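We did not get these values from a lab; they are worked out from the coordinates using the rules stated. Because the structure is a prediction, the values reported are computed rather than measured. All Cβ positions, even for glycine, are placed from backbone atoms using ideal geometry, and neighbour counts span all protein chains on display.
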Amino acid sequence: MTTEHSNGVAPHADADADTNDRLKLFAAGLNAHDQLDSSNDGRDVRAFTSIIIPDGGQASEGVRDVLFAGWSTTVLISRTGKLRSLGHQTVGDSEKQRLDSHSRPVSAFGDHNGLLGFLDLDGGLACCGTTEAAAEGGAAAFTTLTTEASPSLSHIALAGNERITVTFKQAPNGRLCHVVAFSDIDGFMAWYSDHSAKGNYPERHHMLPGRPKQLLANAATFLLLLEGGEVYSWGDPRHQSLGRTTHGGDATPAEEPGVVEALGGLRISKIASGGWMSAALSEDGALYLWGGSPPGAEKFLSRLREAGAGEVTLVELPGDGNEPPDVIDVAVGDAHVVAVTADHRLFVVGDNKNGQLGLDSAQAFFEDWTEVEALQDVQRVVCGPKASFAFVGAGHGNSAPNPNRPAT
């Protein structure tokens with residue numbers, strides 16, 4: 001099975017639901033499977049356009065969050081707590097897919113075909129199952145696989161090379177993070193169904209001091225943020241994707257979680273990852289990037305090209321004064337980055353072949369950070385591999401409506 005990275009697209013666990021219900025979702029980028037806009041006949045969406053959840057051909061529900069954004073499918077959580085999808089995969093067009101407070105997703109994973117599953121707030125696992133309805137083009141059902149004997153998990157991440165990693169839920173006073181890794185989904189599922197069987201043991205088991213806050217994967221690496229602000233990386237070290245050295249001295253080998261030492265002394269509040277690139281956002285509003293372009297890419301950010309192994313790049317966005325603005329959110333695609341400043345402006349950089357920067361431009365690559373002036377009051381952002389999503393204050397999205405879209 002060919003997979004894509006799961007770049008941390010999952011509901012913001014600390015996001016206020018009432019606040020989210022007042023926001024509007026806009027998106028731009030790859031739309032070959034109508035995963036952004038079903039009225040655009042598979043054409044890429046090159047300017048940020050409002051996203052709606054279709055129901056019988058009409059726009060009937062607002063969007064609370066983006067659960068999963070992939071190559072072919074976008075899965076959303078509606079304001080009424082249902083799973084809805086756009087694109088190749090159809091999920092959640094029945095009342096059974098309504099999410100109560102206990103089944104609320106906190107960590108999702110998927111591949112090029114769509115969403116494969118998610119962990120809920122209580123540490124349970126729900127996976128997509130094949131149903132007669134799905135086989136006939138209907139909705140795929142998500143089934144809870146958790147039993148009393150199942151391990152309780154807090155985070156899950158699937159990399160583009162099919163490797164999968166999970167962390168365990170901890171007691172309120174727990175201070176040891178258990179990380180277990182598998183070579184593929186089949187190995188993980190065998191372990192989850194019977195974790196005591198000798199043949200089902202995880203390929204690797206790591207123990208780190210702290211409590212997990214985020215676990216992400218990109219093309220071939222994993223990134224873990226602990227509540228104390230420490231960032232660990234491991235996996236394939238090519239393209240400087242680990243943000244740290246892996247040879248010489250006391251360096252941690254690539255296949256083991258090692259601290260991104262260049263971020264030492266900083267209290268990181270959020271991480272983002274996609275392709276071969278990662279980002280970290282500090283509590284004081286500083287943004288850091290590391291990694292490289294996907295194999296075969298002709299261009300990439302000049303500052304990242306200049307960075308050496310074990311180095312991260314401090315990003316300075318254009319500002320109105322002498323000081324660059326603070327950053328409050330960031331998301332990373334395969335080869336593009338989007339960031340939100342403290343004054344709620346949206347800046348983008350990188351690959352734009354599919355219009356994923358939302359600038360309504362045919363230019364294929366933007367080397368410098370550029371403001372998306374068509375959107376105002378941006379609150380937070382999400383990226384798919386070749387798409388960008390922005391939540392904005394109601395009434396502040398200025399992009400022109402699609403003339404082919406049904407009236408809301």
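Extending 7 Å from Cα along the Cβ direction at residue 190 and again at residue 367 yields two label points whose distance is 5.0 nm. Extent of region 17-393 along its three principal axes (Cα atoms, max minus min coordinate, largest first): 59, 57, 39 Å. Per-peptide packing, taken as the mean over residues of other Cβ atoms within 10 Å, places 361-370, 328-337, 310-319 in the sequence 328-337, 310-319, 361-370 from highest down. Projected label points at residue 80 and residue 112, each 7 Å from Cα along the beta carbon direction, are separated by 3.5 nanometres.
What does the highest-first list of 229-240, 206-217 look like by mean Cβ count within 10 Å?
Ranking the peptides 229-240, 206-217 by packing returns 229-240, 206-217.
You can think of it this way: the chain between residue 173 and residue 147 has 6.9 nm of extra reach, that is 0.36 nm per residue less the Cα-Cα gap. Pairs with C-alpha atoms separated by more than 31 Å, drawn from the list 169/353; 24/386; 270/386; 169/270, are 169/353. Given their separation in residues at 0.36 nm each and the Cα-Cα distance between them, residue 267 and residue 183 gain 27.1 nm when the chain is fully extended. Look at where the Cα atoms of region 246-286 and of region 177-239 average out, and the two centres are 16 Å apart.
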